[in-house]
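The values are calculated or read from the model by the stated rules, or taken from the named source; none is laboratory data. As the structure is a computational prediction, the values presented were derived from the model and not from experiment. In this analysis, Cβ positions are derived from the backbone assuming ideal geometry, glycine residues included, and neighbour counts consider all displayed protein chains. These accessible areas exclude ligands, DNA and RNA; they are computed on the full protein's heavy atoms, side chains included. Shrake-Rupley method; radii C 1.70, N 1.55, O 1.52, S 1.80 Å.
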Amino acid sequence: MALAAVCAFAADAQAAGPPDAADLEAELVCPVCETTLDQSDAPVALRMKAFIRERIAAGDTEREIKDALVSEFGRGVLATPPKSGFGLIAWLLPLGALVAGVIAVVLLVRRWSGRREPPAPPAPLDPDLERRVDEELARFER
Amino acid sequence: MAHRGRLVAQGVAVGLVALLFLLLVWSLVTEEGGDLAAAAARGERPEAPDFTLERLDREGELTLSTLRGKAVVLNAWASWCLPCKEEAPLLEQVWRENRSRGLVVVGLNSKDFRKDAQRFARRFDLTFPLVYDGPGDVAADRYGVTGFPETFVLDREGRVLEVFVGGVDADEDRARLRAAVDRALAT
C-alpha cells in the first residue's frame, strides 16, 4: 500500500518540467460534454485547450494550470480527484480495500487449511466379527 | 455463533443496499431542475431556486431572493454559445425598456471563463447584472439547464412564469418574452 501511494505521488513530483498539453487534456474534463478535453470538440473544450496552451507558453506549471481551471469551472473539471484533502480518500480507499481483501483471503485460506485434518484410521473390527470373517474365508478356500 | 455472525453480516449488507436505494430515491425526488419548464408550461408557477453568486459586472455577490418584489428575467448563457450572441441585444433592450417598471434582467453565466464572459458583456454593451456560475451548479443542477441559452421569467414573488429553452430570436419568441415580462410585472 505504501509503495502504491508513493508511486501515485511520484507522478506529481515528475511534473517539474514544462507541462505537456496532451497530458493535461487527458486529465481535464469538458464541463459541457463531461468527457476529457482530448475527446471533445465542444466550443468550451476548444477554449479550454487554447487556455492550456496559453498558460504553458506563459510558463505556468501543471499545478498552476489545473488550479486556474478549477477556480473557473470547479473541481469537476479534474478527471482524477486531487491527491490531497478529501480527494485523497478516493486514492486511498481502493488501496485499503485491496489490503483488507488480501487479509481476508489469507485468513480464510488459513482457516480452511486448518480444518483439513488427515483422514481418521478405520475403526478396528469387532474381534467376534473378525473371527467369523476368517472362518468364512477359510471355508471358501477349502 | 458462526451462524449468528453470518446473519449479522447479511443484515448489514441488506441495510447498505436499502440505504443506497433510499439515497437514489431521495436524489430523484429532491431534484429541482428539469421540472421547472414542464411545471411552468402547466401553469403551476413553481418557486425559482434561490442562489447567491459572485457578480461579473462589479464586485460583490447577488442573491436572487433579494430581488423579491421585482419581476426577473433570468438568462442562462455562455460566451461560447452562438444563440446567446444573437439574443443578447434583445435582453439588453428588454432590460432598458422595463427597468423603471420593476424588471431586473440577470445574466447567469455558466461553464465559461470569467474573462470571456466580461469581454462578451463589453462587446454587447450589457448593463444588466451578471452573475458567475462557472461549474454550472446553479444553472444545471438547480434550474435543470441542459443547453444554452435558457431563459426563465419570474414574477414578483419569485415564481417561474415561463421558460424559454434555446435562443429567443424568432419574432414569435420575442413577442412571447415581452408578453411574459408584462405578465410578471403585473403580479
Pairs with Cβ under 9 Å, 6+ apart, first in the stretch B:57-76 and on the phi > 0 side of the Ramachandran plot, second open to solvent by 30 Å² or more (accessible area, probe 1.4 Å) and not in a strand (DSSP E or B): B:G69/B:R156; B:G69/B:E157
Residue selected from the stretch A:40-73 under the condition hydroxyl-bearing (S, T, Y) and away from chain B (no Cβ under 12 Å), by the criterion most open to solvent (accessible area, probe 1.4 Å): A:T61
Test: residue in the stretch B:48-64 that is out of contact with any Lys or Arg (no Cβ under 6 Å at 6 or more places or on another chain), away from chain A (no Cβ under 14 Å) and within 23 Å of B:R174 (Cα to Cα): yes
Test: residue in the stretch B:149-169 that is within 14 Å of chain A (Cβ to nearest Cβ) and under 21 Å from B:L53 (Cα atoms): yes
Some residue of the stretch A:115-124 being charged (D, E, K, R) and either touching a His at 6+ places or on another chain (Cβ under 7 Å) or assigned to a loop (DSSP other than H, G, I, E, B) (or both): yes
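Every residue, every condition in (1) within 14 Å of another protein chain (Cβ to nearest Cβ); (2) open to solvent by less than 60 Å² (accessible area, probe 1.4 Å); (3) farther than 24 Å from A:T35 by Cβ, yes or no:
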position: A:R75; (1), (2), (3): yes, no, no
position: A:A90; (1), (2), (3): no, yes, no
position: A:L93; (1), (2), (3): no, no, yes
position: A:G101; (1), (2), (3): no, yes, yes
B:V105 without any contact (Cβ under 8 Å) to a residue 40 or more places away in the chain, touching a helix residue (DSSP H, G or I) at 6+ places or on another chain (Cβ under 7 Å) and part of a strand (DSSP E or B): yes
